[in-house]
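Single-structure report; data block below.
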Amino acid sequence: MNELGDLSAVEISRLVRRRDVSSEEATRFFLERTHRSNPGLAAFASITEALAIRMARRIDAARPTRGRAA
């Protein structure tokens, strides 16, 4: 699989829908990338990491299990 950072939002969404990547995994990937880049860029005044991870977990938990229509 390509690194998530090389994919478009549409492609990442497709991976999440197919369960090749969880919402939490994608969120953590981009949070890590943000933490690495932001000191030099100063693009974000604050990063609500815990909230982002909680929301991603809720999205993953709310998804139907495999075998059921999504």
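Straightening the chain between A9 and I59 buys 16.4 nm, computed as 0.36 nm per residue apart minus the Cα-Cα spacing. Available extension along the chain between L51 and H35 is 4.2 nm, counting 0.36 nm per residue and deducting the alpha carbon span.
Secondary-structure-derived ellipticity at 222 nm for the chain, considering helices only, amounts to -19500 deg cm²/dmol, per-run term -39500 (n - 2.57) for DSSP H runs with n ≥ 4.
Rounded to the nearest Hz, the phi-derived 3J(HN,Hα) couplings of the stretch 16-28 under the Karplus curve 6.51 cos²θ - 1.76 cosθ + 1.60 (θ = phi - 60°) are 5, 4, 7, 6, 6, 9, 8, 4, 5, 4, 5, 4, 4, where x marks glycine and proline.
Per-residue surface analysis assigns I53 an accessible area of about 20 Å², computed on protein heavy atoms at 1.4 Å probe radius.
With all protein chains kept in place, the per residue accessible area of the chain amounts to 75 square angstrom at a probe of 1.4 angstrom. Rounded to whole numbers, the Karplus 3J(HN,Hα) couplings from phi for the stretch 46-62 are 8, 10, 9, 4, 4, 5, 4, 5, 4, 5, 4, 5, 4, 4, 4, 5, 7 Hz, using 6.51 cos²θ - 1.76 cosθ + 1.60 with θ = phi - 60°, and x at Gly and Pro. In the chain, the portion of solvent-accessible area held by carbon and sulfur atoms comes to 53 percent [1.4 Å probe, whole percent, DNA, RNA and ligands not counted].
The values are calculated or read from the model by the stated rules, or taken from the named source; none is laboratory data. Computed from a prediction, not measured in an experiment: that's the story for all the values here. Only protein heavy atoms, including side chains, enter the accessible area calculation; ligands, DNA and RNA are left aside. Shrake-Rupley method; radii C 1.70, N 1.55, O 1.52, S 1.80 Å.
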